[in-house]
Every structure is written in C-alpha cells, then in structure tokens.
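First comes the structure, then the notes that go with it.
The values are calculated or read from the model by the stated rules, or taken from the named source; none is laboratory data. As the structure is a prediction and not an experimental result, all values here were calculated from the model. Note that each Cβ is placed from the backbone with ideal geometry, even for glycine, and that neighbours are counted across all protein chains shown. Surface accessibility is based on the protein's heavy atoms, side chains included, excluding ligands, DNA and RNA. Shrake-Rupley method; radii C 1.70, N 1.55, O 1.52, S 1.80 Å.
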Amino acid sequence: MAWNQKLVVEVVDARNLLPKDGQGTSSPYVVIDFYGQRKRTQTAPRDLNPTWNETLDFNVGKPSNVFDDMLELDVYHDRTYGPTRRSNFLGRIRLSCTQFVRKGEEALIYYTLEKKQLFSWVQGEIGLRIYYQDDVAADPAAEPAKEEDKKEEESPPTPAEQKPPGSEEKPGEEPPPDPPAPDNAPAPIKTEDPDNSAADPPPPPPEEAETEEEDIVMEPPTPNWASEVTGSVPQVKVAAAGTINGPHPIARPLSPTSTLEPQESISIERSSFDLVEKMHYVFVRVVKARYLPTNGNPIVGIAVSASRIESKPARKTAFFEWDQTFAFGRDAPDSSSILEISVWDSPPAAAARGKFLGGICFDVTEIPLRDPPDSPLAPQWYRLEGGGAHSGDLMLATWVGTQADESFPDAWKTDTAGNTNSRAKVYLSPKLWYLRATVLEAQDVLHSTAPLKEASLYLRAQLGFQVHKTKSVLTRNGTPSWNEDLLFVAAEPFADHLVFTLEARQQHKGPSPIAVLRIPLTAIERRVDDRQVATRWFNFEDPNSEKARYKGRVQLRLCFDGGYHVMDEAAHVCSDYRPTARQLWKPPIGTVELGIIGCRNLLPMKAIDGKGCTDAYCVAKYGPKWIRTRTVSDSLDPRWNEQYTWRVFDPSTVLTMGIFDSSGASESEGEKSATRPDLRMGKVRIRISSLETGKVYRNSYPLIVLTNNGVKKMGEIEVAVRFIRSAPTLDFLHVYTQPLLPLMHHVKPLGVVQQEVLRSTAVKIIAVHLSRSEPPMRREVVLHMLDADTHAFSMRKVRANWVRIINVIAGVIDIVRWIDDTRVWKNPTATVLVHALLVLLVWFPDLIVPTLAFYVFAIGAWNYRFLRSSKAALPHFDPKLSLAEAVDREELDEEFDGMPSGRSPETVRARYDKLRAVGARVQTVLGDLAAQGERVQALVTWRDPRATGIFVGLCFVVAMILYLVPTKMVAMASGFYCFRHPIFRDRMPSPALNFFRRLPSLSDRLM
C-alpha cells in the first residue's frame, strides 16, 4: 500500500462570459493541463454563467523544468452547440504550484480570465477550489492462492530476503553475544585487525532539515547531562600513529549514498556563513561502546584545554549507546593540543564516577578539518586503553569544523555551558485567521421560560480568552434580532470551539444564561474575498442540563476571512503584509540575509556569587519566522557568528532584532531564575527598502534602552545584512505601485480601534504559542519584539511628534520666508531673476509643470550625492529625535507607569493638572483654526451684511475685468505688484488682511 499525492481541482462555476456562438450566448467547457496531464469538464450548453461543480484530480510529480510547475486552465466554447465551426477561446488562467494548499485549507476563489493573445477579447471570471490530497494506491488484484504459492516457490528470493554480504558468521570470528544494533551498527570485529575498521559501513547521515520556512523542528527537551568532570583522570598513553590501537587521524570516507529525495537534501544555503566570521570547533561525536566490563550505565568524559564535561549515562541495548556530539572552541589562546576521552562506570545509585574503564587520546593538530558541503565523517571503533585486562571498544568520530557544520546546532558547546535552553533555534508564528461571526436573529428562545415575558436579551460569544457581546435587544415574542458582526482571532490548528451563550438581563438582577451553543472551528467555512457566505441555523441547548434539550435556535453567518492580514506588529514597523490565505500570496521578490556577529562592552545584568555577568542572546523576527541565537554564558563580549535567511515579499518591511539577558542560562541561581524575566538590552530595526541589492552592510549599532532613569547604553551589537533581489527589475518596481495591505482591507476596512484590539489579541496568541516551544520563547521577549507594551501615554512622545510636524512643514516655512525676502528686495539680484522667471512663465504657461518637475529632480539629484558619499551606518534609533536625552524624570516615571496608575493620589493629581494645562493650549489652537474657517464661510453667508456686500461687489468687478483684460496681463500685473520695491510699500498690514480679520466667527456664541 503506497501513498500518492494528487492535486484536486474543483471547477465550480464561471460568471459573465463572452457570447461567442453567434447567437448571443456560449456553451463553455474547461480544459486543465498539469504536469502533462490534460482533463476537461462537461459542456454547459448555452449559458454565460455556467455551473459545473466537477472535480478533476491530477497526479503530482517531482519538480520539473519541462512543465514549469504550472497549472494551465483554458475555457472554450463547444463548437457542437451553435453555428460556429471551431471551439472559440473564452479565457485562460495560469497558476503556480506555490499557490496551492492542503486539503482542509482550500477556499472558493474567483480568478479573472486572461487573454491568450494581445488582441483577444476576453471577460469574466471562474471559481475554483484547488488543494493537495494524499490518496492510498490500491493494490493490484490478487491471483488465486495456488498460483501465487507456485510463483513464490519458483521465483528467486527477493533482495529483502537475501542476506547482505558479510552477514554470515566466520569461523575465526567471535560472534557478539547480542543481536545487531538497530542503527545499522557494524558487526563486532577483532581489535587486533586494523583493516576491519575500514570495512565498517558508515552510519546513515543525520536527518537534514527541510529548506525555507519548513526547516523548523521543535525538538523535545533533552536533559542536560553534561557536567564538569571532577577528580583525577588516570594517565592514558598517547599511542603513536603507526601503532594498531593508536588514535590516528580519521581518514575522510567517500560520500555515502543518501536515501533522501532531492527536495529533502540540505543545500547548505543557510550554512554559507559568508557574512560572519568563522569560528573553529573541535567536534567529538560519541556513538556507542561494546565489550565494556560493566552492567551499569557508563558515562564518557571528554577533556580538552580547560573544558571537562561528561556525557549522559548510556542506554543499554545491544551496545552502550550515547549518540552525543560535543563542540569545543578552538579560538581560545590557551587551547590544548591533546583531546582526552575516557569511559567511566557510573552505577545508577552512585553520586560520583565509578571505575575507570579505559580511555583514548588524540592529537588535536592531527584531527582532520571538515567544511560543508563535505560529507559527515563516519564514526569508527577505537580500542580503549588503561582499563585493565578487559578493555572495550568505543565508536566515535572527531573533526575540526565551524559553526556551519550541521552538527553544531544540537551539539554541546563550551560557550553555552551545555544548557539545553541555550541552543540556537528557529521558530514560526502560528497561522492566524480572522473569524467573522455575524449574529442575525434568534427564534423560540422564550418558549420554555414563562417568567421572562419581556426580557432584554444579548448573545455572548467566546473563543478562548476572547469575549464579545452583542447589544441588548428587548423582545416579547422570543425572536430577538441583532445583525452584528463579531470578529475574533483564531490560530491553526483549530482545536477550540466557538461558544455562544444567550443571556437575559432583568432589572435589579444580573445576567442569567438561557441557552448555549458550541461550534467547532473545523466546521467553519473559509473565504478569501468579500463574497457572501450562506447563513445557517444552529440549535441552542440547555446549559444546566446534561441532555441535549432544545432551547431555541439562532441564525449565524460564520467564516474565516483569509483575505486579511492579521496584524501582529505596528503598521509602521510591520515585517509582512501578506494575507492569511496562501492562495493569494505573490512570489517573493528576493531574500534578506542577516549575520549576527556579536556584541561588545555589554553591561552586567545580574550578579552571581558576587560577580557581575551577562548571558546574552539575540532574537530576530521577519514575517512569521523568528530566530534565536545560542545563549553565550557569562560573557560581556559574546560572539555568535550565526547567519539566517528570510524570503522578502515586500521591500517596505522592517527586520527587527533584540538583545536579551537570559535568566535560565545560569544554573547557580536555582529555581529563582525561572521566575525572573529575561531583561531587554536593546533593539535594532533595519528597513529592507533602505538596502541596495547585493551590497553587504556591516555595522555596529549602539544598544540603547530607555529606563525610568533616562537613556542607558547597554553596549554595541555588530551585524551584517544583505538583500538579494530575485525578481525581475520591472516586477520589483511594480511592487511600489501596489497597496501595502491586501484587498480586503480596502473593500471592507476595519476600524482603527478594532484593528488595535485585534492586534493585541494576536500578540497574546503568538506569545502563548512560542512559549510552548522548546526551548521556549519567553513572553516578555515576544511582547518587546512586537512593540505590544509601547502604546502608553507619554508627554515626551507628544513633544517629539510635535517636533516631527514642525520638521515636515519646515520646507514650506522656508519657501514662505524666501518669497517674503524676495518681495522686500533683500537680495536684489534674486528679485530681478524672479521677475524674469515670472515673465517667462506668464507668457509661456506650458513651462510651469515641466519647470516644477525639473526643480524637484534637481533637488533629488543634489541629495543623492550625499547618499553616495556617505558611509555611515543604516538608520537607527535616534535619542535626539526621541527627545530622550534631556527628558524630565517625572515624565519618564509617568511614561513607565502602568494602567491603572500605581502612584500616590498627590502625584496623579499633579499629572492631571499638567495634562489639563496642555489640553487648554491645544483647545486654544483648535479654536483659532475653527475661527479662521468660519471667517471664510462668513464671506458669503451675510453674517456681516456690509462685509459680505463689499466682497460680493468686489467679486463682480474682478469678473468683469478678467472678461475684458487678457489673463496674462492680469497675472503679469499681479506679479509685479506683489514683488514691488519696498519704497512703494506701506508698513501697515494689507487691506485684504484687515478685511479678513474683521469678519465674524462663531467664537462669541460659545458658552
């Protein structure tokens, strides 16, 4: 029985097709090509809005360059219907395989039909559901039992039944007492024969992660068995390279044959590490041992330089198995040239190591160097020495590699002190959907509640911790009507229920539940556009009875809106704008590579045994992909040198990085460290649109944190970033003309307050999901990365935003000042040139727009030279712009105060009075703006009859003059009058301004 993957295409219907049968209609049918397979639907005779509801399935093959992994759909008119002699073309669509989803995630999507040629006449759209489905291949029909038995007797043995070569027992070889190990371990050999070690087949290569975003494997927690080796280690001889049992350098074997499919093999794309520095490590992989004179669970001790660690106790199967990998740093100046590996007997009840069972020594200078994409080194058997008359064999592999090695992420490392929660990991945010529940009406809800002859009813909907209520409706006949939309955030996989509770509210009493309804999320339809979803009736049940008793029914319209992007970040620093539905995703335009090199001069964040230390790690987020570097223990200058890659779908997005101090990396604090949050040490944001294609930006950024005491510099972080464009130039530039958010945000927009509430809900869901990973991503880390705790009121931010507004309009103010200086002849040469330009533009008005466009071009070209000549770092947090350098302590205390306030009543009263003073100034400014607008309205509303009469009469005179005098002459005269010399000016305000200021406003009518 085999599993075959198929692509299922449900052809539902089409709308607004063109008539092409010569009689005002068409008889369409659909032809689909996929991977060389062609299938068609039935013909819908004489129907411009046909409905097929047919399902076509196709076998899915491996990625191919021949068929281009595209699904082609063509709609034709059937020539057998009508007077036409050929099957006229009605439209086509071409879809990439990357847009298809698995069964259960499909949705009905209407695609606009496209032209086949430039002059084709096509219109309409077609509705499809497309998804992948796994089918079980049926076994062929079995033959009669007798013939089958006969064939089995005559047929030769199958390869599975044949014994592999070398599996028979040799007369001169001692068979092992236990059966072969399940991990394809080689048969035990005599240690006196050095040639047999080369005949051992290499172990299967380690499982390699999938590419792109599917390379995340949330592994279960592994206990940290590594600890420091204590006590004296017996002397172990270092054998010469030519001896039989000597630990001579391991020769690199030929590349073993991999059984993985091509798409499953790793491409070392993420492991290129060309943006960071190489860090060399001595890798030791301890696999298993045999013939050890013990019945316990032995451990392996490894010592190199100043690092001494122990493995976890062995699992006893056919062998003593560990299968652990250790990485020891080689960049330290005190690195030793001797690698010592020893095996100790460790009974379960023993508190320390027991009997010494043997050991091996290696010369580190003779250990081979391995760089990916070299194949993994095959472990070999080594005879243990120094353990007495009965020594065993230890299978291990040792090599020198870098952080690009595939064994590095899960290996025990010297700079992380072996903490399992300190490993580097990649996380994925859960796929979030907006769940729209439209509550229409209910029926028969008061038929069994006689006392409630007139009640105020409302519906309470709950999904997890999200609770929404409809408005209260007064009803007498038991048929309340609401017609309200309730919006929730749901995360895949859908395991919860949407619970509706009908509650009644009476006077002098609290709400009382009347009926309840539970709907599983898996039964709710998905949509990707604004099409209307069919309504359904659901029966209420009695909440106080275990039996299902009818308590009325409610009409609901439920659907998952996949056309929205569920916001989890602030709009101005968002890293992804794609809709939830994968069918609406567009191809990526490139990739961004981030190299996290390290930090310098970090401040101590905690004290352990009277010594300040920092256990720093870095978290980066872009789109749904999160990365966390390993935690470097007890270092103020940590070096990570890790590199990661993200796919970019929109250049106007932001990559966010944050540095944190781990509370769980130091084990000496015990259980108290688990309750202490991971402290933030700074954040860096990089906007993708500010990166040039193919250029490497390697810069150091200051880590700045705003605390209650002001701005505090925590250190510096050095990163390297590069953006690589993969889309054609025109497609890349076309992205700038597209809207940021998906279409549904414009067709059916969400309110600002509602969007913020949904974003807060999405952040909580993501925090809970990532906290259940291993190692967990702490809640405070997620909230800080998503800026979920930075929306409190701050007087500092109010002033900073006001300064930003002033900087924006500073250009307009400069232009006004320049015009005023030109009017008063401050620079006579410039004024004369302006007069000449005025004459030119008045007599040749066609030059006005080109002149303005050329002026803007000149400004941009002038500023471009500063960009090319500047070698400064990318834009970063600016304390000066944030007004954080000279901020008042009281304002900072107010900014960091929670909701509700925890300060004393006197402090709260003083802050309130200060806020009232600021509000009074804002109130005055708003009143002045309103008064100016009311004076403009008063020009024609006859509030002041004399003023309105003067203005209307003046407008009539101006109209007559403009009818009689050419416009160019009027413009010329007006320009020369405006720029007249100061000797012809009066120091008093102009009559027009005096007239405007005398107009009445409504300020005198305010109470």
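What to note about this one:
- The string of couplings for segment 967-984 from the Karplus curve (6.51, -1.76, 1.60, θ = phi - 60°) is 5, 4, 5, 5, 5, 5, 5, 5, x, 5, 5, 5, 9, 5, 5, x, 5, 9 Hz, one whole number per residue in order, with x for Gly and Pro.
- Packing around the peptides 567-573, 816-822, taken as the average count of other Cβ atoms within 10 Å per residue, puts them in this order, highest first: 567-573, 816-822.
- For segment 8-113, the solvent-accessible area of protein heavy atoms averages 50 Å² per residue (probe radius 1.4 Å; ligands and nucleic acids excluded).
- ³J(HN,Hα), Karplus 6.51/-1.76/1.60, whole Hz, each residue of segment 20-37, x for Gly, Pro: 9, 9, x, 10, x, 8, 8, 10, x, 9, 10, 10, 10, 10, 8, 6, x, 9
- Applying 1/(1 + (r/R0)^6) with R0 = 35 Å to the Cβ-Cβ distance of Val31 and Tyr736 gives a FRET efficiency near 0.45.
- With all protein chains modelled, accessible area of Cys599 [1.4 Å, Å²]: 0
- Under 5 Å from the amide H of Ser346 lie the amide H atoms of Asn297, Ile299, Gly354, each residue being 5 or more positions distant or on a separate chain, with H modelled from the backbone and absent for Pro and chain starts.
- For segment 463-572, average projected area of the Cα convex hull in nm²: 9.7
- Amide H to amide H distances under 5 Å link Val489 with Leu435, where only residues 5 or more positions off or on other chains count and H is placed in the peptide plane.
- Measuring with a 1.4 angstrom probe and ignoring ligands and nucleic acids, Ser375 comes out at about 30 Å² accessible.
- When you count the other C-beta atoms within 10 angstrom of each residue and take the mean per peptide, 892-899, 354-361, 309-316, 624-631 line up highest first as 624-631, 354-361, 309-316, 892-899.
- Sulfur and carbon atoms: percent of accessible area, segment 764-852 [1.4 Å]: 70
- Heavy-atom surface of segment 521-609, accessible at 1.4 Å and reported per residue (Å²): 44
- Residues in segment 789-809 that a label on Phe896 would reach, taking backbone N under 17 Å of a point 7 Å out along Cα→Cβ: 789-797
- Ranked by how many other beta carbons lie within 10 Å on average, peptides 777-785, 524-532, 587-595 from highest: 777-785, 587-595, 524-532
- Extension gain, Arg987 to Val711, is 94.4 nm, computed as 0.36 nm per intervening residue step minus the present C-alpha separation.
- Whole-percent carbon and sulfur share, accessible surface of segment 900-972, 1.4 Å: 70
- Segment Ser974-Arg1005, length gained on full extension (0.36 nm per residue, minus Cα span): 7.3 nm
- Length added when fully stretched, Asp47-Ala861, from 0.36 nm per residue minus Cα-Cα: 287.2 nm
- Per residue, segment 768-843 exposes an accessible area of 61 Å² to a 1.4 Å probe, with every protein chain left in place.
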